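Any read-out appearing in this document is the output of simple, stated calculations on the displayed coordinates, not a laboratory observation. If you're wondering where the values come from, they're calculated on a predicted model, not measured in any experiment. Neighbour counts run over all protein chains shown; Cβ positions are idealised from the backbone, glycine included.
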Amino acid sequence: MPPPYGPASGPVPGVVLGSRSRSRWRIHRGDPPAAQARQVFENLRRCLGAAGATFDDVIKLTYFVTDMAHMPAIREARALHMPDDRLPAASAVQVVSLVRPEFLMEVEALAVVAE
């Protein structure tokens, strides 16, 4: 393949993190989307930190939402952790449901961390 792509020379250091809005993270049935979004990004911050990473290391976010109407709440919560001028690539997918009915969203982050 032409530069900048080429054959893989081995595993690429990295970490994939996911953060569901779980009840163990203080998400309760009936919590509004804004509260769930803030908690999801706080969960991601903690997960990234445990892996030796920060939001600056995130190169891709994938949002799974039960209703696209939740995206403004997600963008607002994301802005507390990531400046608009340095956002990673992102995809949003609307799903019928998540693993528990009270979960309105799940955010998956792909971060690259140097060894």
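May I ask you to compute the full-extension gain from residue 54 to residue 90, defined as 0.36 nm times their residue separation minus their alpha-carbon distance, rounded to one decimal in nm?
On the way: separation 36, 0.36 × 36 = 12.96 nm, distance 1.68 nm.
This chain segment gains 11.3 nm when fully extended.
Where both residues lie in region 54-115, what percent of DSSP beta bridges are antiparallel, nearest 5?
Approximately 55 percent, going by the DSSP bridge assignments.
Among 79-91, 101-113, 63-75, how do they line up from the highest to the lowest mean number of other beta-carbon atoms within 10 Å? Before the final figure, lay out the partial values.
Working: 79-91: 11.8, 101-113: 19.0, 63-75: 16.7.
Going from most to least packed, we get 101-113, 63-75, 79-91.
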Once Lys and Arg are counted +1 and Asp and Glu -1 for all other residues with Cβ under 13 Å from that of residue 49, the total becomes -1
So, over other residues within a Cβ distance under 10 Å of residue 80, counting Lys, Arg +1 and Asp, Glu -1, the net charge is +1
